[in-house]
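J.: First the structure, which I've put down as structure tokens, then a few questions once you've had a look.
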Amino acid sequence: MSRKKIVVSLIGILLALGIAGALLWFRPILTVKNFVVDGAVHESKELISQTSGINLGDNLVRVNAHAAASKISELPWVDSASVRISFPNSVAISVVERRVVLFSEHEDGAHLIDQHGRPFSIEQPPIGVPKITGITDDIKILREAIAIVEGLDEPVRARIVEINAKSAVELTLISDDGKRIYWGSSDNRDAKLAAVAAALSRAEQNVDISGAPMIAVRP
């Protein structure tokens, strides 16, 4: 085949592709017929689909996946979202929901606090989530409280029902039987985490692990 014929053939192919692309863009040949939502537990799949701004019958080729994901991420329980087109007729949505680590009590109800230290919803907290009291709007305090909750082994963590924060250096853990474990500041966190189980097993109701591994009795 001569070079001229090759060039002509390539031009023909490009024109055909261009026409096909234009048809797909301007005419709803491929349309949205269903949504596939993955990862949703607290937010309904229906609400997530509606929030995306994508409707059944929309031109699949013209769907703005990035914009849809941004809208979905604004839902209270959604930490992150991704949207992709699944040809020939589906929109696949994947969400990662926030984890409730703490909650604080306010006049309008319980404020759920996620793993980043952000309050995100006002509703009944899940069973087993500790309450934070005292100073509840300081991000440094919230992050330390979260580090404590997430750093404890599950059997130990399940015993902690409250974290009281008088200041960033005066945290106290309160157990399900009323025992008060003075944590202090964020210093020496690993040793303190290891000391909580031992503190829970002691008979005294007020103990101090701020100097862990040493455990003292508080008046």
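J.: Through the Karplus equation 6.51 cos²θ - 1.76 cosθ + 1.60, θ set to phi - 60°, convert the phi angles of region 45-56 into ³J(HN,Hα) values in whole Hz; use x for Gly and Pro.
T.: 5, 5, 5, 4, 4, 5, 5, 4, x, 9, 10, 4
J.: A follow-up question, please. Give the long-range amide H neighbours of Asp208: residues separated by 5 or more places, or on another chain, with amide H under 5 Å away, using H modelled in the peptide plane at 1.01 Å from N.
T.: Tyr182, Ala216, Val217, Arg218
J.: Moving to a separate point now. Considering the values (1) 10.7; (2) 19.0; (3) 13.4, which represents mean projected area of the Cα convex hull in nm² as calculated for the structure under consideration?
T.: Label (2) holds the value from this structure.
J.: Between the helical axis of 139-151 and the dominant principal axis of the chain, each derived from Cα atoms, what acute angle in degrees is found, rounded to the nearest 10?
T.: Between the helix axis and the principal axis of the chain, the angle is about 90 degrees.
J.: Relative contact order for region 52-201 using alpha-carbon pairs under 8 Å, separation at least 6, rounded to a whole percent?
T.: 12 percent.
J.: Return a single number: how many Lys pairs in the chain, at a sequence separation of 8 or more or on separate chains, have alpha-carbon atoms below 19 angstrom apart.
T.: Lysine pairs, 8 or more places apart or on different chains, close enough: 10.
J.: I need the phi-derived Karplus couplings for region 99-114: 6.51 cos²θ - 1.76 cosθ + 1.60, θ = phi - 60°, integer Hz, Gly and Pro marked x.
T.: 9, 7, 10, 9, 8, 10, 8, 9, 4, 8, x, 7, 9, 6, 10, 8
J.: How large is the helix-only mean residue ellipticity at 222 nm for the chain, computed as the sum of -39500 (n - 2.57) over DSSP H runs with n ≥ 4, divided by its residue count, in deg cm²/dmol to the nearest 500?
T.: -9500 deg cm²/dmol
J.: With axes computed from alpha carbons, what is the tilt in degrees of helix 3-26 against the longest principal axis of the chain, rounded to the nearest 10 within 0 to 90?
T.: Helix 3-26 sits roughly 60 degrees off the main axis of the chain.
J.: Now, a different point. Pop out the ³J(HN,Hα) list for region 201-207 in order, Karplus 6.51 cos²θ - 1.76 cosθ + 1.60 with θ = phi - 60°, rounded to Hz; leave Gly and Pro as x.
T.: Working through the residues one at a time gives 7, 7, 7, 5, 8, 10, 10 Hz.
J.: Quick one: which residues, 5+ away or cross-chain, put their amide H under 5 Å from the amide H of Ser80? H built at 1.01 Å from N.
T.: Excluding prolines and chain starts, which carry no amide H, the hits are Val96.
Read-outs throughout are calculated quantities, based only on the coordinates presented, and are distinct from any laboratory measurement. Here the structure is a predicted model, which is why all the values come from computation and not from measurement.
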